[in-house]
Amino acid sequence: MSARGMDYLEVQGLSVDFDGFKAIDGVDLTLLQGELHFLIGPNGAGKTTLVDALTGLVKGTGLARYGNQDLFALKAHQIVRAGIGRTFQTATVFDELSVLQNLDIAGGLHRRTWRLGLPRRGVPAEVETVLETIGLSALRDRPAGILAHGQKQWLEIGMLLVQDAKVMLLDEPVAGMSAEERDETGELLQRIGRERTIVVIEHDMEFVRSFADKVTVMHAGKVLTAGTVAEIQADERVQEVYLGRTADAVNADPAAVAAEAVGEEG
Ligand code: ADP
Ligand code: MG
């Protein structure tokens, strides 16, 4: 529990309308600090749009409250300042800049307020800590462009850490990662998730099974069901809509599920 006490993000009746098409349709969600919350569902379910709405990139209606702040009354940059960060399905690091420079840019938001005009003397302690946390200390001076796919995603997570994001909304952070990279990412999220509120969008059921505390399943803009991994796996509706086929596929054959999810990528 942080000094702020019970940090959580509360979403009620969230809807997003694209010219009459309801991409999100009355979603309720409570995201608690210290829980790794996974958001799953077939392609087009509305997962990315949900994150877009919570971060001010698309207009959402309904209620989204973090602490005493009404997110829908804030602009995108104010939402970042309120401690809510997100990553995108495609990495957004600056390839030509070093790992450290990428972190520096991300941290600029906060540094500006207390170090304005001061010359930089070495690497700030909080950035050192982040480099260690994301396992990129040895690569700090290398251009981000040479990083492996997984390392780029870790750098993006590091950029949220230097921003001191208390809520992290991660859009398919392990897509395209090797099995080892996935495990390392899951462990990283567990470490940093204790004092944060983390939402992970992911298709791969193997990964979800290994790391999710709580899972919300979306379908066609609505929450189909939510619960523990065991609870949602036991739910026939999940097997029907998520897999588009019958029976024990979720339990029996994670590799096939992952392959299918990758094939559907959009
Ligand atoms: P997911 O991330 O779960 O795959 P998305 O949130 O990207 O799904 O998309 C949900 C639905 O909203 C899809 O049908 C998609 O085509 C539609 N959609 C997403 N963004 C827009 C947009 N800017 N304009 C119109 N439709 C959109
Ligand atoms: Mg998406």
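Spot the failing condition for Gly221; the list is (1) more than 16 Å from ligand 1 (Cβ to nearest atom); (2) at pLDDT 95 or above; (3) over 16 Å from the mean Cα position of the chain (by Cα), and only one is missed. Going through the list (1) more than 16 Å from ligand 1 (Cβ to nearest atom); (2) at pLDDT 95 or above; (3) over 16 Å from the mean Cα position of the chain (by Cα), Gly221 breaks only (1).
Residue-wise test of (1) within 16 Å of ligand 2 (Cβ to nearest atom); (2) assigned by TED's automatic domain parsing to the domain that holds Ala220; (3) in contact with a strand residue (DSSP E or B) (Cβ under 6 Å, 6 or more places away or on another chain).
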site: Val16; (1), (2), (3): yes, yes, yes
site: Asp28; (1), (2), (3): no, yes, yes
site: Glu35; (1), (2), (3): no, yes, yes
site: Pro42; (1), (2), (3): yes, yes, no
site: Leu100; (1), (2), (3): no, no, no
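Matching residues to (1) polar (S, T, N, Q); (2) modelled with pLDDT under 95:
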position	(1), (2)
Ala3	no, yes
Tyr8	no, yes
Leu14	no, no
Ala23	no, no
Gly26	no, no
Gln33	yes, yes
Thr48	yes, no
Val80	no, yes
Thr87	yes, yes
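Does Ala64 fit the bill of being farther than 23 Å from Val208 by Cα, away from ligand 2 (no atom under 16 Å from the Cβ) and among the aliphatic types (A, V, I, L, M)? It is true that Ala64 is farther than 23 Å from Val208 by Cα, away from ligand 2 (no atom under 16 Å from the Cβ) and among the aliphatic types (A, V, I, L, M).
The rows are residues; the columns are (1) assigned to a loop (DSSP other than H, G, I, E, B); (2) in contact (Cβ under 8 Å) with a residue 24 or more places away in the chain; (3) outside the structural domain of Phe211 (by TED's automatic domain parsing).
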residue: Glu126; (1), (2), (3): no, yes, yes
residue: Gly135; (1), (2), (3): yes, yes, yes
residue: Gly150; (1), (2), (3): no, yes, yes
residue: Gln153; (1), (2), (3): no, yes, yes
residue: Glu156; (1), (2), (3): no, yes, yes
residue: Met159; (1), (2), (3): no, yes, yes
residue: Leu170; (1), (2), (3): no, yes, no
residue: Met177; (1), (2), (3): yes, yes, no
residue: Arg182; (1), (2), (3): no, yes, no
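Listed by first and then second residue, the pairs with beta-carbon distance under 9 Å, at least 6 apart or on different chains, first residue in the range 81-103 and on the phi > 0 side of the Ramachandran plot, second open to solvent by less than 10 Å² (accessible area, probe 1.4 Å), are Gly83/Tyr66; Gly83/Ala165; Gly83/Val167.
Which residues, taken from the range 53-72, are open to solvent by less than 30 Å² (accessible area, probe 1.4 Å) and either near ligand 1 (Cβ under 9 Å from one of its atoms) or part of a loop (DSSP other than H, G, I, E, B) (or both)?
The initial filter retains those residues of the range 53-72 that are open to solvent by less than 30 Å² (accessible area, probe 1.4 Å), namely 53-55, 60, 64, 66, 71.
Once the filter is applied, which keeps residues that are open to solvent by less than 30 Å² (accessible area, probe 1.4 Å) and either near ligand 1 (Cβ under 9 Å from one of its atoms) or part of a loop (DSSP other than H, G, I, E, B) (or both), the range 53-72 yields Thr55, Gly60.
Within the range 197-240, track down each residue that is small (Gly, Ala, Ser), outside any strand (DSSP E or B) and open to solvent by less than 10 Å² (accessible area, probe 1.4 Å).
Pass one, the range 197-240, residues small (Gly, Ala, Ser): 210, 212, 220-221, 226-227, 230, 234.
Pick out the ones that are also outside any strand (DSSP E or B) and you get 210, 212, 220-221, 230, 234.
Selection gives Gly221 alone.
The values are calculated or read from the model by the stated rules, or taken from the named source; none is laboratory data. Bear in mind that the values here come from a model prediction, so they are computed numbers and not experimental data. Quick reminder, even Gly has a Cβ in these numbers, built from the backbone with ideal geometry, and neighbours come from all protein chains shown. What goes into the accessible areas is simple: the full protein's heavy atoms, side chains included, and nothing from ligands, DNA or RNA. Shrake-Rupley method; radii C 1.70, N 1.55, O 1.52, S 1.80 Å.
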